[in-house]
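To keep things clear, I will list the structure first and then write my remarks on it.
The values are calculated or read from the model by the stated rules, or taken from the named source; none is laboratory data. The shown structure was predicted, so the numbers you read here are calculated from the model rather than taken from an experiment. Heavy atoms of the whole protein, side chains included, go into the accessibility calculation; ligands, DNA and RNA do not. Shrake-Rupley method; radii C 1.70, N 1.55, O 1.52, S 1.80 Å.
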Amino acid sequence: MKRTIIAAALIATGVLAAAPSYALTRGDVLGEAGKADSFTRTIHVTPNTRYINVEESETVNLDVNGQTTTWKFDGIKPVVNLREIVPGAPSVNVYVEPSDRFEPNSAP
């Protein structure tokens, strides 16, 4: 009985120690800052901008109020509010379209 309790305590300790390593980070959800030399295009956000479309894993320059931010959209969230990426940005949804860029070509 004592061995069972000790074994259960050790297993519980292992599970609790490993749990934080599986937590999603902000980068996993939203994407991450991209390298300034790897962007594919620049998107100018104006007061009339209603939404933005990007492809999954695409790196773009976001020009908001004269402030340029390079962002790589490789997170798991399919719709990201621009305010989550650029502080002080207008509330504009960025729709992240799935990309077949990394799918192997199928045989004809």
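I'm checking my understanding of the structure. Among residues of region 2-40 that are under 15 Å from VAL96 (Cα atoms) and open to solvent by 70 Å² or more (accessible area, probe 1.4 Å), which one is modelled with the lowest pLDDT?
Just the residues of region 2-40 that are under 15 Å from VAL96 (Cα atoms), to begin with: 27-32, 40.
In the following step, the residues that additionally are open to solvent by 70 Å² or more (accessible area, probe 1.4 Å) were identified as 32, 40.
Working: GLU32: 93, THR40: 90.
For region 2-40, the residue satisfying everything is THR40.
Within region 42-95, the residues that satisfy the criterion of being closer than 15 Å to GLY27 by Cα and aliphatic (A, V, I, L, M) are ILE76, VAL79, VAL80, LEU82, ILE85, VAL86.
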